[in-house]
Amino acid sequence: LYTGAPTGTRLLSTMDEHTPEKVVFNKPKVELHVHLDGAIRVQTILDVAKRRQISLPGNAKEQMTSRIILTEPSTLTGFLHKFTEYMHVVAGDREAIKRIAYEFVEDKAKEGVIYVEVRYSPHFLANTKVEPIPWNQKEGDLSPDEVVDLVNQGLSQGERAFNIKARSILCCMRHMPSWSMDIVELCKKYRQQGVVGIDLAGDESLNCDGNPDHRKAYEEAARCGIHRTVHAGEVGPPSVVREAVEVLKAERVGHGYRTLEDRDLYKKLLAQNMHFEICPISSRLTGACDPDFTKHPVITFRKDKANYSLNTDDPLIFNSSLHLDYSTAQKYMGFTEEEFKRLNIKSAESCFLPENEKKELLHKLYDAYGMIQSTAF
Ligand SMILES: O=c1[nH]cnc2c1ncn2[C@H]1C[C@H](O)[C@@H](CO)O1
């Protein structure tokens, strides 16, 4: 049993019962890149479909699971298509949205995560005040604004029940620039209720142009002190990373694998201590990286002592858990306990919490890792 819970009030099991993989780093962790809508329990999708009388092609859990999950390397476009299998079930439903957020916190606590930043597109979960209404839903009465309020409620109930900290990041979508100004306004409105940042997600292989609406939203975010991350260089070229950092003023890069193809950019970002949100399992199944993990870009990041985190991205679709990302890094990339500690401390340093809360989180990690705080890496 993992007994190092922050306040010592709760014992966490070493792993989720559905994850057979070995736990290689059974210590408190920080996760910075995970999509709420890519981290729903299959059982919850089935329960909500039943309650709402939405018929699904497969009713049995195994059938639905096999429709949703990716087992072989695909493309980012192919991967993103998987969301159409189930998003219509939960979108527009208040109870489902709160439940998903709450259960998400429970699942993270079970993985030994003590601080998580979870991201999602409020528009994708709404059915009014969103144009076009996503997932072929009929118009209803759940706006993106109320979606954010519901997720905040679910997350904070989860925080209290499972004794970890959860904050959120709101996603702009590359193919929907007209939503981006709403996003920054929602970030501003809900910054006291757990929203800590803005992201730009979606299909970089189809939409990597520097759209002025995304740029305006990010300018406003920077002006208001809203923290910024951008999906870039996952499948798109290094120029998308450069734009994310130089134009959108991203403080972190989502994925960023292809940064390595531009030596000058990579050197500059290393010198800047730029944080890369690395998602090993995801990068194989989306086709972003070579399927051979022994050739993964994170091996270079590690060698260069770069600032990066390890993350699940979309554990529902990858049928994965954070333990699997860690055990993969250990098994195929030679990661050690020391490196896991170092990268979690880097993750905490790069998180979007206010300084005082960041310090507190760092203290918890130093304490759990048996480190004296001055022993900086
Ligand atoms: O890995 C990803 N790259 C780009 N976009 C992604 C990835 N995973 C999820 N998304 C998209 C699909 C979700 O509906 C959206 C918001 O969470 O973000």
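The values are calculated or read from the model by the stated rules, or taken from the named source; none is laboratory data. What you see is a predicted model, and the numbers here were worked out from it, not measured in a lab. Reconstructed Cβ throughout: ideal geometry from the backbone, glycine too, with neighbour counts over all protein chains shown. What goes into the accessible areas is simple: the full protein's heavy atoms, side chains included, and nothing from ligands, DNA or RNA. Shrake-Rupley method; radii C 1.70, N 1.55, O 1.52, S 1.80 Å.
Per-structure values
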{"item": "Relative contact order (%) - criterion: Cα under 8 Å, at least six apart; region: region 180-236", "result": "48"}
{"item": "Sequence-distant residues sharing a close amide H with His275 (under 5 Å, placed H)", "result": "Val253"}
{"item": "Nearest-20 debye value, region 127-177 charge dipole, Cβ charges on Lys, Arg, Asp, Glu", "result": "300"}
{"item": "Cα-Cα over 30 Å, subset of Lys29/Lys268; Lys110/Lys331; Lys129/Lys359", "result": "Lys129/Lys359"}
{"item": "Shape call, the chain: gyration tensor on alpha carbons, a/c limit 1.5", "result": "rounded"}
{"item": "Global geometry of region 37-117, whether rounded, prolate or oblate, following the gyration tensor of its Cα atoms and the 1.5 cut on a/c", "result": "oblate"}
{"item": "Mean accessible surface per residue for the chain, computed with a 1.4 Å probe while every protein chain stays in place, in Å²", "result": "40"}
{"item": "Gap separating the Cα centres of region 307-339 and region 139-195, nearest whole Å", "result": "26"}
{"item": "Helix-only [θ]222 nm of the chain, DSSP H runs n ≥ 4, -39500 (n - 2.57) each, per residue, nearest 500", "result": "-12500 deg cm²/dmol"}
{"item": "Shape call, region 251-371: gyration tensor on alpha carbons, a/c limit 1.5", "result": "oblate"}
{"item": "Gaussian network model of the chain, springs between alpha carbon atoms under 10 Å - residue of Glu277, Glu338, Glu146 with greatest fluctuation", "result": "Glu338"}
{"item": "Lysines with Cα under 18 Å of Lys61, excluding same-chain neighbours fewer than 8 positions away", "result": "Lys50, Lys82"}
{"item": "Beta bridge orientation in the chain: antiparallel %, DSSP, nearest 5", "result": "5"}
{"item": "Between region 56-124 and region 227-280, the Cα center-to-center distance that results, in Å", "result": "26"}
{"item": "Accessible surface of the chain, 1.4 Å probe, proportion on carbon and sulfur as whole %", "result": "49"}
{"item": "Computed over the chain: relative contact order in percent, which uses C-alpha pairs under 8 Å that are six or more apart", "result": "19"}
{"item": "Rounded FRET efficiency, nearest 0.05, which uses the C-beta distance separating Ser55 from Glu131 and R0 of 22 Å", "result": "0.20"}
{"item": "Relative contact order of region 222-377, defined on C-alpha pairs under 8 angstrom at six or more residues apart (%)", "result": "16"}
